[in-house]
Each structure stands twice: as C-alpha cells, then as structure tokens.
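Below: the structure, in structure tokens.
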Amino acid sequence: VQLQASGGGLVQAGGSLRLSCAASSSAFSISDMMWYRQAPGKSRELVAIITSGKSTNYAESVKGRFTISRDNAGKILYLQMNGLKPEDSAVYFCAAGFLGSPHFWGQGTQVTVSS
C-alpha cells in the first residue's frame, strides 16, 4: 500500500486544516487507517484511527477538535483539524494497517500552528 499525505501548512492558532492521504491499493477499504504525528524531540504518537468498519478513536488531546474520516471509493483518508493549537505543530503521517497496528506509512506533511 502506497500512501501520499498532503494538506499541511502554516495556520494561526484557532484555525483549521484538512489533511488528506491518498492510497494506491484496493486494500484500502479493508485496512484500519491512522494518523500519527511527531513533534521535534518527541516520539511519534497516534492522533486518530478509523477502522475498516468506520469506528473511530482519538487521542485525548485532540478529541472534540479533530475528525478522521475515509472515502473508500476514492481511497482517501482525511483528518479535519479545527481549533488548532501551537502544541499541534508536528509532522503528520498517515498509516495503514490491521487490528489497529500500522504496517504501511506515508511520507509526512508538516503542520505548523503559530500563536
């Protein structure tokens, strides 16, 4: 599975961004899809997950602000990010896997939130 993330950028605190992740494989629809992020000097952390059955789960730090969704027909994963905070600044990665574990990674897209 090849994954291509896009949509990052520079935004002011309180603003919004939508990340996209395009998948190359028809296995997209049966995969669990995830967004991770990694800030400088920190470990990569799971931000949100959407299962093949479209169940979702979020990191506590983004609940109520971020929404993960998927378009199986178009093989695209989304992350709608609202109410962005400076601490959301990181490189965001999309990933595909099974049983909640990532197996394939996309390249990162940089999100920078200015205060």
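In table form, for the structure just shown:
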| read-out | value |
| --- | --- |
| Boolean, S55 is small (G, A, S), farther than 15 Å from G108 by Cα and open to solvent by 30 Å² or more (accessible area, probe 1.4 Å) | yes |
| Contacts under 7 angstrom Cβ, first residue in the range 55-83 being assigned to a loop (DSSP other than H, G, I, E, B), partner hydroxyl-bearing (S, T, Y) and at pLDDT below 95, 6 or more apart | N72/S29 |
| Cross-chain or 6+ apart pairs with Cβ under 7 Å, the range 24-49 first and without any contact (Cβ under 8 Å) to a residue 24 or more places away in the chain, then aliphatic (A, V, I, L, M) | E45/A59; L46/M34; L46/A59 |
| Members of the range 100-115 found to be touching a strand residue (DSSP E or B) at 6+ places or on another chain (Cβ under 7 Å) and either under 21 Å from S31 (Cβ atoms) or acidic (D, E) (or both), listed by number | G100, P102, H103, F104, W105, G106, Q107, G108, T109 |
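This table checks each residue for (1) surrounded by 19 or more Cβ atoms within 10 Å (Cβ to Cβ); (2) touching a helix residue (DSSP H, G or I) at 6+ places or on another chain (Cβ under 6 Å).
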site: S31; (1), (2): yes, no
site: Q38; (1), (2): no, no
site: A48; (1), (2): yes, no
site: S61; (1), (2): no, no
site: T67; (1), (2): no, no
site: N72; (1), (2): no, yes
site: F93; (1), (2): yes, no
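The values are calculated or read from the model by the stated rules, or taken from the named source; none is laboratory data. Quick caveat, the model's predicted, so the values are computed rather than measured. Positions of Cβ are backbone-derived with ideal geometry, glycine not excepted, and every protein chain shown enters the neighbour counts. Accessible surface is based on the protein model in full, side chains and every heavy atom, while ligands, DNA and RNA are left aside. Shrake-Rupley method; radii C 1.70, N 1.55, O 1.52, S 1.80 Å.
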